[in-house]
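Following: one structure in structure tokens, then a few remarks.
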Amino acid sequence: MTVPSRPHDQETILVTGGAGFIGSHTVVELLSLGKHLVIVDNLCNSSEEALHRAKILANNNGSLVFHKADILDAIALERVFEQHKFSACIHFAGLKAVGESAQIPLGYYQTNVTGTLNVIQLLQKYNCRNFIFSSSATVYGLPTSEAPIKEDASIGALNPYGRTKQYIEEILQDIAVSEPNLWNIILLRYFNPVGAHQSGIIGEDPNGIPNNLMPFVAQVAIGRRPVISVFGDDYDTKDGTGVRDYIHIVDLAKGHVAALNKIQSTVAANSALGCVPYNLGSGVGYSVMDMIHTMSKSVGRALPYKAVARRVGDVGSVIADPSLSERELGWKAEKTLQDMCDDLWRWQTQNPDGYITTSGTSTPTTPTPASHSSIVTLPTTLLPIVTSVPKATLKPIALDTEADSPAAFAMALSPSSSPAPGPNADIAF
Ligand code: NAD
Ligand code: UFG
């Protein structure tokens with residue numbers, strides 16, 4: 001098959017894991033700026049539908065080529081490099097469930113560490129040394145104080161998932177040192193990304209029982225689960241519940257644009273960054289109860305919750321000091337906690353069962369290690385979207401252009417769209 005690649009004088013960005021939660025929101029921001037993207041994802045925790053929707057949300061700006069491939073499949077990955085010349089790579093692909101990482105640490109080290117090595121080796125071979133890595137606040141481990149965490153705080157992840165991030169960071173530091181003045185590596189340490197695109201058209205679509213607080217709260221709100229379990233009410237925090245630095249997913253996505261700009265301006269100045277970490281957080285902490293109360297406002301009714309024992313390995317308070325990102329990347333989180341909850345609720349009500357494929361079934365989520373990449377050039381036509389919106393209390397927000405508005409999106413529904421199961425379907429405890 002002929003692959004529609006960009007001419008070599010136009011910059012093309014490799015986005016691994018671009019169909020996932022953070023990846024798809026970042027893809028919208030990049031496409032909106034007219035960027036040319038090549039996405040590699042094996043869809044083990046995501047749906048290609050997210051990419052179709054991202055393209056629509058970006059009003060068909062930029063270009064997007066999707067390769068369904070596993071980053072562990074070095075041959076398939078190299079084929080992608082043979083077909084495109086990359087100016088930079090944003091590397092989201094990886095496994096991210098803390099609990100699962102303790103059960104299958106080998107799988108986590110293999111996908112996260114070996115997978116990243118595969119990507120980095122090919123970047124080096126094909127002479128692209130501009131790299132943005134999805135790291136995590138989890139690398140900080142147990143905070144030594146309640147003060148907001150700066151990038152130079154001590155590192156010491158507490159679980160296998162966190163250690164994959166920590167080890168990758170160290171590997172990337174070594175690589176930058178090994179070729180002085182050549183690499184531009186930015187380690188983005190995310191705090192707690194939540195919410196969804198303000199259109200409600202893309203969002204987080206977790207498999208099974210959500211591990212994280214806000215997707216769980218959203219599923220309680222929609223009626224898929226009965227009650228929120230609050231893990232611990234005796235932390236040394238304002239109301240005894242855990243405090244985190246929640247960041248709107250669109251703010252986080254924009255952090256990647258800022259990082260890319262930083263790399264581009266560094267390259268233009270004939271300089272190199274080496275390997276630098278930046279926190280992406282808001283600098284503000286909210287408790288579990290703050291989150292439940294704010295989400296209750298979005299939903300229009302009090303959400304049920306009960307206090308249960310602390311979760312093993314949890315800490316009381318984790319808050320970013322994002323000042324370095326503001327100073328050096330020119331980036332700052334802008335959206336409010338109410339925005340995060342309103343947008344999450346809009347996504348949840350418009351997509352009660354997450355992404356729906358063209359066959360009308362829920363998103364396929366079975367891991368599919370690919371032996372060869374399959375190349376898909378995304379069409380610009382719209383795919384079916386669920387329109388049976390239960391209990392929606394939020395009006396769709398107006399976007400800038402008619403073409404990419406949620407209303408236009410819904411109007412383009414295929415007649416074969418299958419309605420989603422009701423809000424109480426698919427309960428798994
Ligand atoms: P996600 O699971 O939604 O996205 C990850 C994507 O990578 C998915 O589309 C998945 O299909 C793909 N993928 C996984 N293994 C792959 C493989 N072997 N080959 C190709 N593709 C593969 O997760 P996310 O929340 O979007 O997270 C993106 C990155 O950010 C991850 O590296 C994660 O560890 C990191 N991170 C996430 C959070 C968070 O709270 N969401 C916090 C800190 C860091
Ligand atoms: N919590 C509950 N009930 C739940 C889930 C969570 O009370 O059902 C509480 C937790 O105890 C914590 C807060 O909600 O106080 C946030 O928990 P999350 O699981 O949503 O987030 P964590 O901060 O524990 O961890 C997340 C990711 C990690 C990542 C980290 C970065 O899961 O992978 O953010 O800060 F490293």
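Under the combined filter of DSSP loop state and at most 14 neighbouring Cβ atoms within 10 Å, the range 146-221 retains these trypsin sites (Lys or Arg not before Pro): K150.
The average projected area of the range 1-103, computed from the convex hull of its Cα atoms over all directions, is 6.9 nm². If you wrap the tightest convex hull around every Cα atom of the range 41-98 and split its volume per residue, you get 108 Å³. Once the Cα-Cα distance is subtracted from the 0.36 nm per residue extended length, the A74 to S271 segment shows a gain of 67.9 nm. For the range 212-371, the share of alpha carbon pairs falling in successive 10 Å distance bins from zero is 9, 29, 29, 23, 9, 1 percent.
Temperature 20 °C, viscosity 1.002 mPa s: under these conditions the Stokes-Einstein estimate for the range 194-266, based on its Kirkwood radius over C-alpha pairs, is 144 µm² per second.
With the convex hull of the Cα atoms taken as the outline of the range 68-211, the averaged projected area works out to 10.9 nm².
Near A147, within a Cβ-to-Cβ distance under 13 Å, what is the net charge of the other residues, with Lys and Arg +1 and Asp and Glu -1?
Summing Lys/Arg as +1 and Asp/Glu as -1 gives -3.
Could you calculate the FRET efficiency of Q110 with K306 from 1/(1 + (r/R0)^6), where r is the beta carbon distance between them and R0 is 35 Å, rounded to 0.05? With a Förster radius of 35 Å, E is 0.40.
Can you list which of the trypsin sites (Lys or Arg not before Pro) found in the range 218-247 are DSSP loop residues with at most 16 other C-beta atoms within 10 Å?
For trypsin sites (Lys or Arg not before Pro) across the range 218-247 that sit outside H, G, I, E and B with at most 16 neighbouring Cβ atoms in 10 Å, the list reads K238.
Between the C-alpha center of the range 153-226 and that of the range 241-316 there is a gap of 9 Å. Given a Förster distance of 45 angstrom, what is the FRET efficiency for Q338 paired with Y167, based on the Cβ-Cβ distance and rounded to 0.05? The formula returns an efficiency of 0.75 here. In this simple spin-label model, placing a label point 7 Å from the Cα along the Cα-to-Cβ direction at both E326 and D314 gives a separation of 2.9 nm.
Among the GluC sites (Glu not before Pro) in the range 167-253, which ones are in a DSSP loop with at most 12 other Cβ atoms within 10 Å of the Cβ? Mind listing them? Those that pass, being in a loop and sparsely packed, number zero.
Put simply, the C-alpha atoms of the range 305-361 give a gyration tensor, and the ellipsoid matching it has half-axes of 30, 23, 13 Å, longest first. Using the Karplus relation 6.51 cos²θ - 1.76 cosθ + 1.60 with θ = phi - 60°, the per-residue 3J(HN,Hα) values for the range 259-265 come to 5, 5, 4, 4, 5, 4, 6 Hz, with x marking Gly and Pro.
Here, each number is a calculation from the coordinates, and none is a lab measurement. All values reported here derive from a predicted model rather than from experimental measurement. Every residue, glycine as well, gets a Cβ built from its backbone with ideal geometry; the counts of neighbours run over all protein chains shown.
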